[in-house]
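All remarks here apply to the structure that follows.
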Amino acid sequence: MKNIDWNNLDFQYIETDIRFVSNYKNGSWDEGALIKDSTVTISECACVLQYAQTCFEGLKAYTTVDNRVVCFRPDLNAERMESSSKYLEMPPYPKEKFVNAIVDVVRANIDYVPPYGTGASLYIRPFMYGSNAVIGVKPALEYSFRIFTTPVGAYFKGGIKPIVIRISDFDRAAPHGTGHIKAGLNYAMSLHAIVDAHNKGYAENMYLDSATRTKVEETGGANFIFVTKDNTVVTPKSASILPSITRRSLMYVAENYLGLKTEEREIAKEELRDFKECALCGTAAVLSPVGKIDDHGNEIIYGSSMGEITKSLYDTLTGIQSGKIEAPKGWIRLIK
């Protein structure tokens, strides 16, 4: 194991020893390989640089309570990347090879997987981009699929504290656009909005649907989970929301582990005051409780601590990921 202060890691890039690379040329992917070189050399006119033809994924490897190293539902990341690739007119990387490459690159960097109990994990970033020179607006003919890893710290340092967010005047995704895929361009357009939010004291933006601006969608990097007064777990439904693997898993946990009613449906902005709990969900934090939403000066308060149902969801899912709670079949991929 590497000599790293595991308890004081931030969520930032630390170069590890090995990464995976596969290239697409003349209509097919090569076999791919584990390599040491972390640099990427491409044409100044590469399609990714000119027209943002790129997509990515994010997942984690963990050390469990019984000292195994595992990865959480990588098959779903493979499926989502296939969907993103197709929508961006990129050749999908085969799903089975995707999962195998995840296993191989984590094993190659096994000394960077933080020990159990630190709250840290090994973040895994698969990504794909158009690599050949393209000056006219069209898809590339050549692509690179890569996976790198980096150890990251616990998301909540010093305990879980509810965040304050705002309802944004910016739009995240257009109807029939790219909101439902994990494309780099979606995150580029959110940068101004999130910097503006941070400058004004908010942790995140709540984006409404851009067509009517009456329905809740998501934030720049996470989905929403709400809890009603009768303990129903509700999440927004929209064709322009990214299908979060964490959200899907939490909804399954709510119904099948906690015995709660669940709903995926459209949520009107006016309903926000009717919920008793609100949280953001995603790979990095699993669940981030929301204490307050600022709607242009009108405040919606949820509380100064993580809600009871939100905490049960968080404890159960992190318990599954860490091996303390038995996982549904197929959720955990053993690395070592």
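The values are calculated or read from the model by the stated rules, or taken from the named source; none is laboratory data. Owing to the predicted nature of the structure, the values given are computational and were not obtained by experimental measurement. Positions of Cβ are generated from backbone atoms using ideal geometry, with glycine treated the same way; all protein chains shown enter the neighbour counts. Areas reflect the complete protein model, heavy atoms only, side chains present, ligands, DNA and RNA absent. Shrake-Rupley method; radii C 1.70, N 1.55, O 1.52, S 1.80 Å.
Note down, for the stretch 78-135, the three equivalent ellipsoid semi-axes (square root of 5 times each alpha carbon gyration tensor eigenvalue), biggest first, whole angstrom.
Taking √(5λ) for each eigenvalue gives 29, 13, 11 Å, largest first.
Please compare each pair in K138/K182; K182/K276; K97/K182; K215/K292; K25/K97 to a cut-off of 25 Å on the Cα-Cα distance and tell me which ones are over it.
K182/K276
Which one, I147, A120, V137, projects farthest toward the positive side of the charge dipole computed for the stretch 32-156 from Cβ point charges (K/R +1, D/E -1)?
Final value for the positive-end residue is A120.
State the antiparallel share, in %, of DSSP beta bridges confined to the chain, rounding to the nearest 5.
Just about 80 percent of them are antiparallel.
Report the calculated FRET efficiency for K324 and M1 (r = Cβ-Cβ distance, R0 = 22 Å), to the nearest 0.05.
The value I calculate is 0.55.
Enumerate the helices in the chain for which the Kyte-Doolittle hydropathy averages -0.5 or more and the C-alpha atoms extend at least 15 Å along the helix's axis, using complete DSSP H runs.
95-108, 184-199, 245-256, 308-322
For the chain, report the accessible area per residue in Å² (1.4 Å probe, heavy atoms, rounded to an integer).
It amounts to 46 Å² per residue over the chain.
So if I take the centroid of the Cα atoms in the stretch 154-230 and the same for the stretch 240-281, what is the distance between those two points in Å?
Measuring centre to centre over Cα atoms gives 15 Å.
In what sequence, highest mean first, do 91-97, 196-202 appear when ranked by Cβ atoms within 10 angstrom?
In decreasing order of mean packing, 91-97, 196-202 become 91-97, 196-202.
What percent antiparallel are the DSSP beta bridges of the stretch 226-336, to the nearest 5?
Around 75 percent of the beta bridges assigned by DSSP in the stretch 226-336 are antiparallel ones.
Which FRET efficiency value, to the nearest 0.05, do you get for D30 and Y187 by plugging their Cβ-Cβ distance into 1/(1 + (r/R0)^6) with R0 = 25 Å?
Once the sixth-power term is evaluated, E becomes 0.35.
Which residue, S28, S121, S238, has the most motion in a Gaussian network model of the chain that connects Cα atoms within less than 10 Å?
Result: S28 has the largest fluctuation of those listed.
Using the alpha carbons of the stretch 1-115, what is the convex hull volume per residue in cubic angstrom, as a whole number?
It comes to 133 Å³ per residue, whole-number rounded.
How much of the accessible area of the stretch 194-272, probe 1.4 Å, is carbon plus sulfur, in whole percent?
47 percent
Run the simple label-point estimate for L334 and F170 please: 7 Å along Cα→C-beta, distance reported in nm.
4.5 nm
Between P243, P151, P175, find the one with the highest GNM mean-square fluctuation for the chain; connect C-alpha pairs within less than 10 Å.
Maximum among the listed residues: P175.
What nm distance separates the two modelled labels at K95 and N67, each placed 7 Å from Cα along Cα→Cβ?
Here the modelled spin labels are 3.6 nm apart.
Answer rounded, prolate or oblate for the stretch 163-242, using the Cα gyration tensor with square roots of eigenvalues a ≥ b ≥ c: rounded when a/c is under 1.5, else prolate when a/b is larger than b/c, else oblate.
The shape class here is oblate.
Using a Förster distance of 25 Å, how high is the FRET efficiency between E299 and D10, based on the Cβ-Cβ distance and rounded to 0.05?
0.25
Let me know the shape class of the chain, please: from the alpha-carbon gyration tensor, a ≥ b ≥ c as square roots of the eigenvalues, rounded when a/c is under 1.5, otherwise prolate if a/b is greater than b/c, or oblate.
oblate
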